[in-house]
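One structure below.
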C-alpha cells in the first residue's frame, strides 16, 4: 500500500509540474473559468438536501489546450418518526451522496488542427458508492470530427492506468482501455448544450468497467451568470460490497439531476 501510494504521489507530482511548466508558457489572459452551484431542497415528513458545486478552467493557445476541473457532491435525507417507546418524534439522517473529484487534461494539436495527442488524469472518492479512491492516468489520441464555431464533436481513445480501492476489497492497480467522446453545441448566442461519454473497461476483464456520462444545458442570464440543468450518470459493472454478511453489493448505477447557476469569469 505504501509503495503504491509513493508511486502514485510521484506520478501526480510529475504531472502537476509538467502542467505548471506548460501553463507558464501560455498567454496569461487566456483562461476561461466557470463555477457552478446546484442545490435541491424539500421538507415535510422528510427533508432532502443535495448540493453540487464545481469549477472548470480552460486555456487554449497556439496548438495547446489545457483544462482543469474539480467538483463536490453532497446529499442528505432526514426522516421524522417516533422513537422506540413512541413518546417523541426523532430525526434520522442518512447521507445519500458524498463524492469529490478532480481532473486535468492536456491536448496538443498535431494534425490539421483536428487530430491531437492527450494526457489525462482523474482522481475521485465516493463514500456512498464505496469508492475509497480511484486514480486514473490516461494518455491517448483524439480527433475533432466536427470543429466549427458553434459545434464541436471529438472522439478519444487510448490506454488507461487505474489505481483503485473499493470499500471492503483489497486495493487493485490495473490497465484499462479508454474510449470517450465530447460534444458541444452553441444553440444560440445565449444557450449551450454540453455532452460527454467515457467508457473504461479493464483490458483482461472486460466485464469490469466504469462508464461516465453527463449532459448539461446552459442559458445565460447576463454576461457573467447562467442557469444550468445537469444530468450525470456513473455506471460501475462491479460495485463495492456493503460491510455485511452475506455480502450484498451496492447498486451499479448512480444518477443525479440538478439545477442551479453558473458564474463565468
Report summary line: With label points set 7 Å from each Cα along the Cα-to-Cβ direction at residue 87 and residue 169, the distance between them in nm comes to 4.7
Requested in this report: Can you grab the distance from the C-alpha centre of region 132-146 to the C-alpha centre of region 207-230, Å, no decimals?
Outcome: 19
Report task. Determine the gain in length on full extension of the stretch residue 214-residue 184; use 0.36 nm per residue of separation and subtract their C-alpha separation, reporting nm with one decimal. Result -> 9.6 nm
Report task. Specify the angular offset, from 0 to 90 degrees and rounded to the nearest 10, of the alpha carbon long axis of helix 2-24 from the longest principal axis of the alpha carbons in the chain. Result -> 40
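Quick one: grab the alpha carbon gyration tensor of region 28-77, order the square roots of its eigenvalues as a ≥ b ≥ c, and give me rounded if a/c is under 1.5, else prolate or oblate depending on whether a/b is larger than b/c.
Prolate, because a/c is 1.5 or more and a/b exceeds b/c.
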Query raised in the report: residue 225 label point, 7 Å along Cα→Cβ, cut-off 19 Å on backbone N: hits in region 233-265?
Result: 259-265
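Apply the a/c threshold of 1.5 to the C-alpha gyration tensor of region 29-264 and tell me whether it is rounded, prolate or oblate.
Taking the square roots of the gyration eigenvalues as a ≥ b ≥ c, region 29-264 is oblate.
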**Report entry** Zone residues, region 139-164, relative to residue 238, backbone N less than 13 Å from point 7 Å out along Cα-to-Cβ
**Finding:** 162-164
Report task. Pull out the extension gain between residue 203 and residue 247, defined as 0.36 nm times the separation in residues minus the alpha carbon to alpha carbon distance; nm, one decimal. Result -> 13.2 nm
Query raised in the report: Which order, highest average first, do 179-189, 40-50 follow once you tally other Cβ atoms within 10 Å for each residue and take the mean per peptide?
Result: 179-189, 40-50
**Report entry** Label-reachable residues, region 221-260, where backbone N falls under 20 Å from a point 7 Å from residue 46's Cα toward its Cβ
**Finding:** 250-259
Query raised in the report: Rounded, prolate or oblate: which fits region 107-226, taking a ≥ b ≥ c as square roots of the Cα gyration tensor eigenvalues, rounded meaning a/c under 1.5, else prolate when a/b beats b/c?
Result: oblate
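The numbers here are math on the coordinates, done by the rules we state, and not lab data. Keep in mind it's a predicted model, so treat the numbers as computed, not measured. Here the Cβ is made from the backbone with ideal geometry for all residues, glycine too, and neighbour counts use every protein chain on show.
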